[in-house]
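Computed from the coordinates by the stated procedures, all read-outs in this text should not be read as laboratory data. It should be emphasised that the depicted structure is a prediction, and the values quoted were computed from it without experimental measurement. Cβ sites come from the backbone with ideal geometry, for glycine too, and all protein chains shown count toward neighbours.
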Amino acid sequence: MQRTLSILKPDVTRRNLTGAVNERIEKSDLRIIAQKRIQLSLEQAQKFYAVHRERAFFNDLCDFMVTGPVVVQVLEGNNAVDNYRTVMGATNPANAEEGTIRRDFAESIEANSVHGSDSAENAAIEISFFFSEMEIVG
Ligand code: GDP
């Protein structure tokens, strides 16, 4: 069993697609063991994406992430980190496989509907950014 941190981005909440994306998650052998809808501050978005601060898209990405509420989640399952990356699809929806969340829902490379941790180590860091152990019910 492994855990990963998922974020449904503001393009999902704006279009009322939270349930549609959650259906994809739950059909993929991943359990949503913690979930909350929050409005990120710009400071929180910049802190969360700090690894990308040198990238050209950093400011645009952080600005986008505060345009509306996000749903942050802890997902649990076998091989959850890699499984969820597969279910999400490629960063650029134009390159994402058929049937993936990003292929079917993303608006652009920036407004690409979902975030998923890229390693088990980062998952632990990202989960503790948003959740206390008490809020996670496996
Ligand atoms: P991920 O792990 O697939 O989410 O991709 P990255 O870690 O490389 O990028 C983080 C997030 O930054 C992506 O999910 C996109 O929302 C955004 N992003 C990535 N590349 C670009 C880009 O070239 N332009 C813009 N505007 N945003 C990008």
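Worth a mention:
- Residues in the stretch 1-31 that are outside any helix (DSSP H, G or I) and over 12 Å from the mean Cα position of the chain (by Cα): MET1, GLN2, ARG3, ARG15, ASN16, LEU17, LYS27, SER28, ASP29, LEU30, ARG31.
- All positions within the stretch 80-103 that are touching a residue at least 40 places away in the same chain (Cβ under 8 Å), in contact with a helix residue (DSSP H, G or I) (Cβ under 9 Å, 6 or more places away or on another chain) and not aromatic (Phe, Trp, Tyr): ALA80, VAL81, VAL87, ILE101
- Pairs meeting the criteria (first residue in the stretch 42-56 and closer than 17 Å to PHE130 by Cα, second residue away from the ligand (no atom under 12 Å from the Cβ) and part of a helix (DSSP H, G or I), beta carbons under 7 Å, at least 6 apart or on different chains) are PHE48/PHE129.
- All of (1) closer than 22 Å to LEU42 by Cβ; (2) out of contact with any Phe, Trp or Tyr (no Cβ under 6 Å at 6 or more places or on another chain); (3) buried (at least 17 other Cβ atoms within 10 Å of the Cβ) hold for ILE101 with one exception: (1).
- Listed by first and then second residue, the pairs with beta-carbon distance under 6 Å, at least 6 apart or on different chains, first residue in the stretch 112-124 and under 14 Å from MET88 (Cβ atoms), second near the ligand (Cβ under 8 Å from one of its atoms) and assigned to a loop (DSSP other than H, G, I, E, B), are SER113/LYS9.
- Filtered residues of the stretch 37-69 (kept if part of a helix (DSSP H, G or I) and near the ligand (Cβ under 10 Å from one of its atoms)): VAL51, HIS52, PHE58, ASN59, ASP60, LEU61, CYS62, ASP63, PHE64, MET65
- Of residues in the stretch 74-86 being crowded, with 20+ Cβ neighbours inside 10 Å and within 12 Å of the ligand (Cβ to nearest atom), the one nearest to PHE131 (Cα to Cα): VAL81
- Restricting attention to the stretch 57-73, the residues being crowded, with 20+ Cβ neighbours inside 10 Å and under 21 Å from GLU26 (Cβ atoms) number 4.
- Flag for PRO93 being more than 15 Å from the ligand (Cβ to nearest atom) and either in contact with a Lys or Arg (Cβ under 7 Å, 6 or more places away or on another chain) or within 14 Å of LYS9 (Cβ to Cβ) (or both): no
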